[in-house]
Number of protein chains: 4
Amino acid sequence: MNFASDNVTGAAPDILQAIVDANEGNLPSYGADPLTARMQQRLCQMFERDVAVFPVATGTAANALALSVLSPPWGTVFCHADSHIYTDECGAPELMTQGARLQPLPGPHGKLTPEVLAAALAEAPVGFVHGMQPAALSLTQATEAGTCYTVAEVAALTALARQHRLRVHMDGARFANAIAHLGCSPADVTWKAGVDILSLGATKNGALCAEAVIFFDPALAVDFGYRRKRAAQLFSKMRFVSAQFDAWLTDDRWLTLARHANAMAARLAAGLQALPGLRLRDPVEANELFLRMPDQVTDGLLAAGFQFYRWEGDVVRMVTAWNTSASDVDHLIQAAAELTKIT
Amino acid sequence: MNFASDNVTGAAPDILQAIVDANEGNLPSYGADPLTARMQQRLCQMFERDVAVFPVATGTAANALALSVLSPPWGTVFCHADSHIYTDECGAPELMTQGARLQPLPGPHGKLTPEVLAAALAEAPVGFVHGMQPAALSLTQATEAGTCYTVAEVAALTALARQHRLRVHMDGARFANAIAHLGCSPADVTWKAGVDILSLGATKNGALCAEAVIFFDPALAVDFGYRRKRAAQLFSKMRFVSAQFDAWLTDDRWLTLARHANAMAARLAAGLQALPGLRLRDPVEANELFLRMPDQVTDGLLAAGFQFYRWEGDVVRMVTAWNTSASDVDHLIQAAAELTKIT
Amino acid sequence: MNFASDNVTGAAPDILQAIVDANEGNLPSYGADPLTARMQQRLCQMFERDVAVFPVATGTAANALALSVLSPPWGTVFCHADSHIYTDECGAPELMTQGARLQPLPGPHGKLTPEVLAAALAEAPVGFVHGMQPAALSLTQATEAGTCYTVAEVAALTALARQHRLRVHMDGARFANAIAHLGCSPADVTWKAGVDILSLGATKNGALCAEAVIFFDPALAVDFGYRRKRAAQLFSKMRFVSAQFDAWLTDDRWLTLARHANAMAARLAAGLQALPGLRLRDPVEANELFLRMPDQVTDGLLAAGFQFYRWEGDVVRMVTAWNTSASDVDHLIQAAAELTKIT
Amino acid sequence: MNFASDNVTGAAPDILQAIVDANEGNLPSYGADPLTARMQQRLCQMFERDVAVFPVATGTAANALALSVLSPPWGTVFCHADSHIYTDECGAPELMTQGARLQPLPGPHGKLTPEVLAAALAEAPVGFVHGMQPAALSLTQATEAGTCYTVAEVAALTALARQHRLRVHMDGARFANAIAHLGCSPADVTWKAGVDILSLGATKNGALCAEAVIFFDPALAVDFGYRRKRAAQLFSKMRFVSAQFDAWLTDDRWLTLARHANAMAARLAAGLQALPGLRLRDPVEANELFLRMPDQVTDGLLAAGFQFYRWEGDVVRMVTAWNTSASDVDHLIQAAAELTKIT
């Protein structure tokens, strides 16, 4: 039973079927196919406005290329110290922005606060030719701590960003999980709340490989086709990525899948935090749990074949997904319960 | 009937099935799965030696990242003026090498010759601190003109390269078609003939999306994992790319698919060059035809719904693929024949 | 007697004296000093308009940073195949533009022609996302062949460039020599003729180290302060560079120095081309001679201690400077004359 | 009376004279002149071993290019949060390393400690392909807080660095001031203490413009000539930079100049800290003072024409130099004393 990550999963059946269906016949390459057009339409509907959409190969690509639009090479991008762009992309943002600097900021439960951002901006050397210039803010939704920014929280941060002439990026590798939790519309927490570009990920939520850069102001995307190609991120047989997005977006499937993952995380959290000695490090608002767990429980669960990560100290990370079963969750809880009883 | 490109096709049935089969269950991400291990083994068998294998998203990524290993930022990469890296990658090699220079060279039928390379090297400012330094040679196999380098031709070029301390890259987006034509082993025309790194593409030959960088000297790959991740080319659900390669490599399927595509190109060439006023620009040795065709034939075929590219002047390009049918080929030939009779 | 280059010279006396004079007292650093202000004023006068001026350390820096403003990383810069940016800057343009491509073009006597540029533009893949995009034209004035573009020639090239939405850079490492030859005003052959940015060099013409990027449209320079600093080209004690420019610009000293150098080149050319077997490869319009010379003369002059470069084949390059004496020129001519008589 | 920075000064008389003397005659360019050779010899003597020396235009250039040798683009460079490379170079290290990341660390009085470095290294994702890899340590000597690392402190930090396979860079923009304070040999606190590359600055200590990258292991410099040229940092008339270094190194002039600057700082510190309400933020070990000063004193001194920087809060920075006079120092002290008496 694998709780290591949401990327250990395969594709949801309907999404796999969409790939199979898309395999019929010859179609124009590089995105000039009808499936890509339909996918773009669906995304416009999802976001209630015209958006410019650029599928890419990985979430890292989406993030790094989005930032390349928002920051010059001498710019600073403010982000959470635990953000994927800072800790898990091996310098891709630095490569694609050609040298911009990520400035990691602290914040409880994986979230930046206006106070923290304001303090960083207060020290930024604006207009000082020797210093890198504040350029962008990057938020992760849902965060790396399994929490979600509320619409108001996003709006407060982007308002501050605007005052300082920063553009705003949102890393939405788990965007669906955030919407499932927030219950708002995708528009509410993105462009209506001041976000310029979204990295939208479906891979962790039921696709095989489907990531896209979404521009809420298509004018910002004027040269993005060149950026994407130059970054070697333009798929020749794009229809197969588009087909995944298309199926993911059909009948709110993305939301159904994400709700299931979130529900499994909640079930797991409820069961585990009821056990003696276990407590959550962060609220569980998406599909990730970070919890403090006694060593004997952690060791015992891993020995029993449950898969998850030791994170830091006595904290472990468990991730649920579109395909996590309630019985697997309950097995894990029960096993943990047994382990807590050993003396 | 689409002869526009070999990337307008879907996946061959067995390769699609492999994706479906790979969808079962949860597996480690980022290439730590058994399918990736098996694919690597198959590639070692294919090349008759230990190779280091790195799947990436696109052929452009494979080429650009391979070159980043072979050339410093102040290096020169010699390539054919029609090569994909020079004409069709929007600066990806320049991005990934961080500024190396591609030096385009002429050569008949898409092929470089030792004479042309020697002349370029004779003018290279070796050791002159003001000049960019010769670093690498990139060959395309099969070439952009639909021809193939013989083993002896490759060996002669790489020998010259070695004398001048250049490393050698091969762009094998249509490597299978080249092997199908040459009848040699993959090893013969790569590392045994002096090639250091191969970009191996399956996408044009029956896969959905399966490209890899192959290092014949694994020591050269020591830091390539970082390069790939930094370039945002590390798939999380890598098993689905590996599954395609695995199926492609099983039972010499890659060769069967390529032979078919080549045979269809040969059939098309034979039929068309027999018509009055049509003649091949280049020998047809893989799955591409470049032929001079009277305007009335070109116009007529396009009007009739046949898809292919006007290339330059009166030259058109037609590409066959693993799924091109003999009847489609014959239809096109017949239609062309009719058009040549109009006066 | 050294005819190897115009950078083997020291500073002209008045310019050296300006450095000595500038040494008095403490002054604000990084260009906030009165000498820098005065130098900027003088350059506005020289060019008959407001210009934005940025001193940098080398001509290579001026060129590469100028191009970084005019081309995106996926852009193509058209230049002469013999241009300094293409042959003598070891990839600095590629570094500063972050990967733009220099496309070398042929042209007689070091000069591009509208025909050559038009042919290159006709093949440029404008709007084709796979191809690098035409971005800029770079002209060298005086050229690397010791010739000068006329005002009409510059205007014809920039008009063509504008039609294709290219911006225009001029490498003026020997700009003074060009003006001395042309007899026009500096404005005539730069912004009035369609040039956007000029690399203006004084180092070869009497300074120790004085190079600057001149923007004819200051709005283009909006972020250039960051570019310069980031490229490590912002001198702390800038007054010493400014002092050199100031002295160079005072009383048309730059023109006097350049006229002398040109006159010495003309004298050398006249003397040498009168000798049997010697003939100029290019017209001598600035301070460089390229001439075909029999081996026995070349060998003999070098053996006698005259310094100059064998260029290619039987062509040699000789360069005169602000400090070349007529007697040195005559000595060389006489020595060559003697050598032509040996049988 | 200017205490704003040590770069508001001109050149020391002997160094200016060296420039004047170097102006005689024509000499080979790009460093192939006898003055450059002599300067290199003097630096070998200064450091008691063969060193490879590369003059560049600015301290920023020296730092950024040195780091480009020590870190791959996916590497992390550990440095103090107040270091020049982190706060004052506008991304030059990121440009020259092509994207490496500077990780700012805290530390008292501008100095890193083994504890702080060890903590950072303990969290570094060594071998984790998603994370940037620890590559180098950069120390500033004297520090940005006007303090100096002892030989033992440097050795302790570099020993830790070696254990983690980091290479070590030292930013020596004020290296002379550090040696003047420490009383050790230049070798003791550099290569003998584990430093790989030194940025050696003379500009702040009596030169006009003289900065160099010093490699203690010349093998590390094998391709540095290309790096320097490509970064547009190769002076054509290098003899004038070399002449400055030569004069600076003659008769231990560098040490005499630095001792004077340090003595003036000590005198200033002694006088000011004796005043009520003024106290040093950091020990004064070089030529910079950071002191807390009541607003009325700060305002009064600035109003009286003394030049220095408000740093942060009530802290001001005052810098002395080779040309600071004791009487200027005493004037400032006296003026401050008067201001403290106002009620």
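The values are calculated or read from the model by the stated rules, or taken from the named source; none is laboratory data. Treat the numbers as computed from the prediction; the structure is a model and nothing was measured. Because the Cβ atoms are built from the backbone with ideal geometry, glycine has one as well, and the counts that use them run over all protein chains shown. Remember, those area values only see protein heavy atoms, side chains included, never the ligands or the DNA or RNA. Shrake-Rupley method; radii C 1.70, N 1.55, O 1.52, S 1.80 Å.
If the label for A:D330 sits 7 angstrom from Cα along the Cα-to-Cβ line, what are its distances to the same label in every other copy, in nm to one decimal, shortest first?
Relative to the other copies, A:D330 has label-point distances of 6.3, 9.2, 11.1 nm.
Under the Kirkwood approximation for Rh and a Cα-based Rg, what ratio Rg/Rh is obtained for segment B:20-77?
Values: Rg = 15.1 Å, Rh = 13.9 Å.
Taking Rh as the inverse mean 1/r over Cα pairs, Rg/Rh reads 1.09.
Go through C:I197, C:C209, C:L70 and say which Cα lies farthest out towards the positive end of the charge dipole of chain C; charges sit on Cβ, +1 for Lys and Arg, -1 for Asp and Glu.
Final value for the positive-end residue is C:L70.
When the accessible area of the protein assembly as shown is computed with all protein chains present and a 1.4 Å probe, what percentage of it is carbon and sulfur?
Details: 23350 of 44760 Å².
With neighbouring chains kept in place, the figure for the protein assembly as shown is 52 percent.
By DSSP, what percent of the beta bridges with both residues in the protein assembly as shown are antiparallel, rounded to the nearest 5?
Taking every DSSP beta bridge with both residues in the protein assembly as shown, the antiparallel ones total about 50 percent.
Enter the per residue convex hull volume of segment D:253-343, computed from alpha-carbon coordinates, in Å³ rounded to the nearest integer. Write down the numbers at each step before the final one.
Values: hull volume 7.5 nm³, N = 91.
In segment D:253-343, the Cα hull volume divided by residue count equals 83 Å³.
Please work out which residue of chain C brings its Cβ closest to the axis of the rotation superposing C onto D, and round that distance to whole Å.
C:A57, 2
Any idea of the total accessible area buried by the C-D contact, 1.4 Å probe, rounded to 100 Å²?
On the way: alone 14370 and 14410 Å², together 25050 Å².
What C and D bury together is about 3700 Å².
Over segment A:1-139, what lengths in whole Å, largest first, do the semi-axes of the equivalent ellipsoid take, defined as the square roots of 5 times the eigenvalues of the alpha-carbon gyration tensor? Working shown, then result.
Working: eigenvalues 253, 78, 42 Å².
They are 36, 20, 14 Å, listed from largest to smallest.
Based on the alpha carbons, how large is the Rg to Rh ratio for segment D:186-322 when Rh follows Kirkwood?
Working: Rg = 19.2 Å, Rh = 17.8 Å.
Answer for segment D:186-322: 1.08.
For segment B:1-107, calculate the relative contact order in percent as a whole number, restricting contacts to Cα pairs under 8 Å that are 6 or more residues apart.
Working: 86 pairs, mean separation 21.7, N = 107.
This gives 20 percent for segment B:1-107.
Specify the residue with the greatest mean-square fluctuation among C:L272, C:L249, C:L121, computed from a Gaussian network of chain C linking alpha-carbon atoms under 10 Å apart.
Checking each option, the largest mean-square fluctuation is seen for C:L121.
Can you show me the helix-derived [θ] at 222 nm for chain C, built from DSSP H runs with n ≥ 4 at -39,500 (n - 2.57) apiece and divided by the number of residues, rounded to the nearest 500.
Values: 13 runs with 140 residues, N = 343.
Helix contribution divided over all residues of chain C: -12500 deg cm²/dmol.
Using the Cα gyration tensor of segment D:103-185, with a ≥ b ≥ c the square roots of its eigenvalues, what is the shape: rounded (a/c below 1.5), prolate (a/b larger than b/c) or oblate (neither)?
Numbers: a/c = 2.36, a/b = 2.15, b/c = 1.09.
It comes out prolate by the Cα gyration axes.
Of chain A, which part is the longest with no GluC sites (Glu not before Pro) in a loop (DSSP not H, G, I, E, B) and with at most 16 other C-beta atoms within 10 angstrom? Could you put the intermediate results ahead of the total?
Numbers: sites that count: A:E24, A:E48.
Counting only loop sites that pass the neighbour cut-off, the longest clear stretch is A:49-343.
How far, in nm to one decimal, is B:D251 from itself in the other copies if the label point is set 7 angstrom along Cα toward Cβ? Shortest first, please.
Counterpart label points of B:D251 in the remaining copies fall at 3.5, 9.1, 9.3 nm.
In chain D, which whole DSSP H runs stretch at least 27 Å along their own axis (Cα) and average 0.0 or higher on the Kyte-Doolittle scale?
Values: long enough: D:253-273 (30 Å, 0.19).
Those that pass (Cα extent of 27 Å or more, hydropathy at least 0.0) are D:253-273.
Considering every residue in D:64-76, what mean count of other chain Cβ atoms within 10 Å of its Cβ is obtained?
Taking all residues of D:64-76 together, the mean is 3.
Which whole-number percentage describes the relative contact order of chain B, with Cα contacts under 8 Å and a sequence gap of 6 or more?
Details: 687 pairs, mean separation 79.8, N = 343.
Once divided by the residue count of chain B, the mean separation gives 23 percent.
Return the tail of the calculated pair distribution for the protein assembly as shown, meaning the percent of Cα-Cα pairs more than 63 Å apart. Please report the intermediate quantities before stating the final value.
Working: 149381 of 940506 pairs.
That tail contains 16 percent of the Cα-Cα pairs.
List the pairs from C:K237/D:K192; B:K111/B:K341; A:K229/C:K229; A:K229/B:K229 whose alpha-carbon separation is above 24 Å, in the order I gave them.
Working: C:K237/D:K192 33 Å; B:K111/B:K341 35 Å; A:K229/C:K229 30 Å; A:K229/B:K229 17 Å.
Table pairs above 24 Å Cα-Cα are C:K237/D:K192; B:K111/B:K341; A:K229/C:K229.
First select every other residue whose beta carbon is under 14 angstrom from the beta carbon of A:P218; then total the charges, Lys and Arg +1, Asp and Glu -1. Write down the numbers at each step before the final one.
On the way: positive: A:R49; negative: A:D50, A:D196, A:D217, A:D223.
Residues close to A:P218 contribute a combined charge of -3.
Of the candidates C:P13, C:P283, C:P73, which one comes out as most mobile in a Gaussian network treatment of chain C with C-alpha springs shorter than 10 Å?
Result: C:P13 has the largest fluctuation of those listed.
Under 13 Å from the Cβ of D:F54, count the other residues' Cβ atoms, weight Lys and Arg +1, Asp and Glu -1, and hand me the total. Write out the running numbers ahead of the final one.
Numbers: positive: D:R227, D:R228, D:K229, D:R230; negative: D:E211, D:D223.
So the surrounding residues net to +2.
Taking every DSSP beta bridge with both residues inside chain A, roughly what % is antiparallel (nearest 5)? Could the numbers behind the result be given before it?
On the way: 20 of 39 bridges.
Once the DSSP bridges in chain A are tallied, antiparallel ones form about 50 percent.
What does the charge dipole of chain D about its Cα centre add up to, to the nearest 20 debye, if the Cβ of each Lys and Arg holds +1 and the Cβ of each Asp and Glu holds -1? Show your work: numbers first, answer last.
On the way: 26 positive and 34 negative charges, 103 e Å.
Around 500 debye, computed over chain D.
Count the net charge of all other residues whose Cβ sits under 13 Å from the Cβ of A:V241, scoring Lys and Arg as +1 and Asp and Glu as -1. Mind showing how you got there, number by number?
Working: positive: A:R38, A:R228, A:K237, A:R239, B:K237; negative: A:D33, A:E211, A:D246.
Charge balance in the 13 Å sphere: +2.
To check my understanding: the extent here is largest minus smallest coordinate of the Cα atoms along each principal axis. What are those three numbers for chain D, in Å, largest first?
63, 58, 32
GNM, chain C, Cα, under 10 Å: largest mean-square fluctuation among C:S68, C:S83, C:S236?
C:S236
Rounded to two decimals, what is the ratio between the C-alpha radius of gyration of segment B:106-149 and 2.2 N^0.38 Å?
1.38
Can you list the residues, at least 5 places off or on another chain, whose amide H is less than 5 Å from the amide H of A:V168, using H built in the peptide plane?
When sequence neighbours closer than 5 places are left aside, the close amide H contacts are A:L137, A:D196, A:I197.
In square angstrom, rounded to the nearest 10, how much accessible surface does B:R227 have for a 1.4 Å probe?
50
For C:A274, go 7 angstrom from Cα along the Cα-to-Cβ vector, then report the distances to that same point in the other copies in nm, smallest first.
Going from nearest to farthest copy, the values are 7.6, 8.0, 11.1 nm.
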